[in-house]
1. Among the residues of segment 2-16 satisfying the criterion of being within 13 Å of Thr64 (Cβ to Cβ) and open to solvent by less than 100 Å² (accessible area, probe 1.4 Å), which is nearest to the chain's Cα centre (by Cα)?
2. Could you tell me which residue of segment 36-55 is least open to solvent (accessible area, probe 1.4 Å), considering only residues that are closer than 11 Å to Tyr24 by Cβ and touching a helix residue (DSSP H, G or I) at 6+ places or on another chain (Cβ under 6 Å)?
3. Might you check whether a residue that is part of a strand (DSSP E or B) and either exposed (fewer than 14 other Cβ atoms within 10 Å of the Cβ) or acidic (Asp, Glu) (or both) occurs anywhere in segment 19-33?
4. What are the pairs with Cβ atoms under 9 angstrom where one residue, in segment 1-29, is closer than 18 Å to Asn59 by Cα and the other, located anywhere, is open to solvent by 100 Å² or more (accessible area, probe 1.4 Å) and not in a loop (DSSP other than H, G, I, E, B)? Sequence gap at least six, or different chains.
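The values are calculated or read from the model by the stated rules, or taken from the named source; none is laboratory data. The structure displayed is predicted, hence computed values, not measured ones. Heads up, the Cβs are rebuilt from the backbone with ideal geometry, glycines too, and the neighbour counts pull from every protein chain shown. Areas reflect the complete protein model, heavy atoms only, side chains present, ligands, DNA and RNA absent. Shrake-Rupley method; radii C 1.70, N 1.55, O 1.52, S 1.80 Å.
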Amino acid sequence: MTCLGYELRIIFLDAGDEMLICRYKETRRQHPLFLKTKSIEESIQDERELLLKLKSMSNHIIDT
């Protein structure tokens, strides 16, 4: 992708659901979408849907 003469590359960082749930539990932080849903799992799924277009545009996807 080129913008104003610059070549842009998108690096998308991803992780599996189980890993993300574990990370949220370890840090005792709520998912930013948690108030809209009733569970961490639903929050993660909603986030995945919101970021799907960006992920599809990415040059690199890294599983953290």
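1. If we filter segment 2-16 for residues that are within 13 Å of Thr64 (Cβ to Cβ), which is where we start, we get 11-16.
Retained after the next criterion (residues that are open to solvent by less than 100 Å² (accessible area, probe 1.4 Å)): 12, 14-16.
Numbers: Phe12: 8, Asp14: 6, Ala15: 8, Gly16: 10 Å.
Ranking the candidates gives Asp14 first.
2. It comes out as Ile44.
3. If we filter segment 19-33 for residues that are part of a strand (DSSP E or B), which is where we start, we get none.
No.
4. That search, which allows pairs on different chains as well, returns Met1/Glu7; Leu8/Thr2; Leu13/Asp63; Asp14/Asp63; Ala15/Asp63.
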